[in-house]
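The values are calculated or read from the model by the stated rules, or taken from the named source; none is laboratory data. What you see is a predicted model, and the numbers here were worked out from it, not measured in a lab. For neighbour counting, all protein chains shown are included, and Cβ atoms are generated from backbone atoms with ideal geometry for every residue, glycine included.
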Amino acid sequence: MVLIYNTLTREKEALKPIKKGVVSLYTCGPTVYNYAHMGNLRTYIFEDVLQRTLVRDGYKVKRAMNITDVGHLTSDADEGEDKLEIGAKREGKSPREVAKFYTKKFLADLAALNVIKPAKILPATKTIPEQIEIIQLLEQKGFTYIGNKAIYFDTAKLSDYGKLSGQKLDEKKAGARGEVIQDPDKRHPADFALWFFLKGHYENHLLHWPSPWGEGFPGWHIECSAISRKLLGQPFDIHTGGVDHIGTHHTNEIAQSEAAYGTSLANYWMHGEFLTVDQNRMGKSVGNFITLADLEKRQVDPLAYRYFVLGAHYRSPLNFTWEAVEGAQRSLKNLRRMIAVLKASKNTGVNNLGAATDLYRKFSEALNDDLNTPRALAVLWKTVKSESIPAKTKLKFLMDFDKVLGLNMKKTPPIVRMPKNITKLVQERELFRRNKQFVQSDSLRKEISGLGYSIDDTPLGPFVYQSSCPRKKNPAN
């Protein structure tokens, strides 16, 4: 049984899909005007673990995602510049060129992090007719009004508006920034734009389409309602995203979809917490964002970042530091080396079937308990270090665990064939180390290093690899 925390009910609930054996999953995609930062990518890792866990439990997962390439303004209050136009001005390109470039980069980041690409991906600009159709339906049902610059959704007409966040309508405040121009015709700060007109501030907007209300472009929220319905139907099972989407974007998706069609949008809502830097939220608008390319410049394996993310529960804030990520890289490297030792091991172990089964069960229970990846990692390490499970069984379990963790554990460093003199020195050093004769042990490590080999001590024994060419002795005078 899979338990997930449902933001809508504020409780852990047993997953009960609409269709037996099939889970429909919608994951909010990126606004492609800049590179994805590590906080964005944390959310996609959490969603990937969710998909992998469901598949491991025997479900078929139908996953869909949007690409926002129009309509996402710099303010949640439907004001400011369109982010795609900001990107276009910054780079001297058209919005479509910017969207194409950063979509490609985003998908490359997902691949580097071993995130499974969603089966169905649709850009907002490819579903303009579907978005217009929803707006027309809302208009027919009396949920809209026309302001100076846009058609708005009238939140006062929906009795349960804000149910996702638990915030009442009279508590909602405008999120506009000081430099933007507000529409005086907006009845309530929470009312949100469905369709913008080409007039006033947006007279020269570069992306626009014909509509029953004249040339214009869609608001940000309407795209997800149109895309999710087109690809998954309504209702579908699970909708995911970051916690920053709860109060506005996802709240407005629910409002317009349910007002238009008279049925729930999704049955379960899951949200990943922020990644912070110096305890402050990471974000492009704050200017403190770090990209995957920044990690790679410091020779950090993208999967080390994935390991770092798995070390915290997806609903817990996680603070980014270079020390922590580099520590995760050392842990991942150590794990891979221990797996390499296991592959070469001829040790059959005690073959304690009870201990093996217990660890396998605990790993599954951790994941099925609202994706508790820290607990799952702890079980992984217990499995690696267990002295009562033979190497072959450990490897089988670890490869199964990796189907969810996605750390590419098959990628292990090679164990070199050592000359007899090196083998003898390694064995002598290991004996000294176990007897806590560290002076002698360190002396032999230096001697082995001088011959071009390095040693990493793991709980399964020493891992030896060729590190450099042997140093030549000084020629005799």
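Please verify whether Ala378 is buried (at least 18 other Cβ atoms within 10 Å of the Cβ), in the same structural domain as Leu342 (by TED's automatic domain parsing) and not charged (D, E, K, R), treating the condition exactly as stated. No.
Per-residue answers, yes or no, for (1) of a type in the set (Val, Ile, Thr); (2) part of a loop (DSSP other than H, G, I, E, B); (3) surrounded by fewer than 21 Cβ atoms within 10 Å (Cβ to Cβ):
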| site | (1), (2), (3) |
| --- | --- |
| Tyr26 | no, no, no |
| Arg42 | no, no, no |
| Val55 | yes, no, yes |
| Ser75 | no, yes, yes |
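Of the residues examined, Val22 is one that is assigned by TED's automatic domain parsing to the domain that holds Asn204, in contact (Cβ under 8 Å) with a residue 12 or more places away in the chain, surrounded by fewer than 18 Cβ atoms within 10 Å (Cβ to Cβ) and touching a strand residue (DSSP E or B) at 6+ places or on another chain (Cβ under 6 Å). Take the conditions surrounded by fewer than 16 Cβ atoms within 10 Å (Cβ to Cβ) and either in a loop (DSSP other than H, G, I, E, B) or under 31 Å from the mean Cα position of the chain (by Cα) (or both) and apply them to Lys104. Does it pass? Against the criterion (surrounded by fewer than 16 Cβ atoms within 10 Å (Cβ to Cβ) and either in a loop (DSSP other than H, G, I, E, B) or under 31 Å from the mean Cα position of the chain (by Cα) (or both)), Lys104 qualifies. Within region 282-319, being of a type outside the set (A, V, I, L, M), at pLDDT below 95 and crowded, with 18+ Cβ neighbours inside 10 Å holds for one residue alone: Phe289. Somewhere in region 369-377, is a residue more than 15 Å from the chain's Cα centre (by Cα), at pLDDT below 90 and among the basic types (Lys, Arg)? No. Just the residues that are modelled with pLDDT of 95 or more and among the hydrophobic types (A, V, I, L, M, F, W, C), please, taken from region 1-35. Scanning region 1-35 gives Val2, Leu3, Ile4, Leu8, Ala14, Leu15, Ile18, Val22, Val23, Leu25, Cys28, Val32. Would you be able to tell me the number of residues in region 124-133 that are touching a strand residue (DSSP E or B) at 6+ places or on another chain (Cβ under 9 Å) and either closer than 15 Å to Tyr26 by Cβ or among the small types (Gly, Ala, Ser) (or both)? So the count comes out to 2.
Please verify whether region 215-228 includes one or more residues that are surrounded by fewer than 23 Cβ atoms within 10 Å (Cβ to Cβ), polar (S, T, N, Q), on the phi < 0 side of the Ramachandran plot and in contact with a strand residue (DSSP E or B) (Cβ under 7 Å, 6 or more places away or on another chain). No, there is no match, as no residue in region 215-228 is surrounded by fewer than 23 Cβ atoms within 10 Å (Cβ to Cβ), polar (S, T, N, Q), on the phi < 0 side of the Ramachandran plot and in contact with a strand residue (DSSP E or B) (Cβ under 7 Å, 6 or more places away or on another chain). Elements of the type strands (runs of 3 or more DSSP E) sitting completely within region 228-332 and holding at least 3 residues that are farther than 30 Å from Tyr161 by Cβ and not basic (Lys, Arg): these cover 318-320.
Tallying residues that are within 13 Å of Ala355 (Cα to Cα), touching a residue at least 40 places away in the same chain (Cβ under 8 Å) and β-branched (Val, Ile, Thr) within region 369-408 yields 3.
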